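Below is one structure, written out as structure tokens, with a few remarks after it.
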Amino acid sequence: MAEKFDSLEEHLEKFVENIRQLGIIVSDFQPSSQTGLNQKLNFMVTGLQDIDKCRQQLHDISVPLEVFEYIDQGRNPQLYTKECLERALAKNEQVKGKIDTMK
């Protein structure tokens with residue numbers, strides 16, 4: 001399973017690096033750099049195809065929408081897991097207290 005994630009991570013890193021390089025070429029575009037721009041655009045298409053192939057391998061994994069909200073807010077998605085565990089622990093203590101009160 002980790003191999004699938006490693007493959008996706010590798011393809012995403014390559015894609016992001018290609019986008020970064022594409023941005024550099026575009027920001028300082030010269031007619032002589034058209035060939036390099038075309039090549040980077042082709043790499044971008046190939047990169048998206050590679051990412052799509054990884055998607056097919058990971059179709060059975062579901063990610064809670066709240067994780068994407070964390071990412072959109074610029075927060076670490078691992079905090080979501082930590083906060084879920086903290087909420088579960090707090091709820092567990094609350095229920096335990098109610099059980100002890102009922103006894």
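Coordinate-derived values only; no laboratory data. Predicted, not measured: the structure shown is a model, and the values here were computed from it. Here Cβ is always computed from backbone atoms with ideal geometry, including for glycine, and neighbour counts include all displayed protein chains.
Structure summary
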item	result
Globularity index of region 1-61, i.e. its alpha-carbon radius of gyration over 2.2 N^0.38 Å	1.35
For region 57-97, the spread of Cα positions along each principal axis, largest first, Å	43, 26, 13
Local net charge near GLU13, Cβ-Cβ under 13 Å (Lys/Arg +1, Asp/Glu -1)	-3
Expected-Rg normalisation [2.2 N^0.38 Å, Cα atoms] applied to the chain	1.75
Local electrostatic count, ASN92, Cβ distance below 15 Å [Lys/Arg +1, Asp/Glu -1]	0
Helix-derived mean residue ellipticity, 222 nm - over the chain, DSSP H n ≥ 4, -39500 (n - 2.57), to 500	-28000 deg cm²/dmol
Relative contact order of the chain, defined on C-alpha pairs under 8 angstrom at six or more residues apart (%)	25 percent
Protection proxy ranking of 12-18, 85-91 - average other beta-carbon atoms within 10 Å, highest first	12-18, 85-91
Cα long-axis angle, helix 34-57 against the chain (0 to 90 degrees, to the nearest 10)	30 degrees
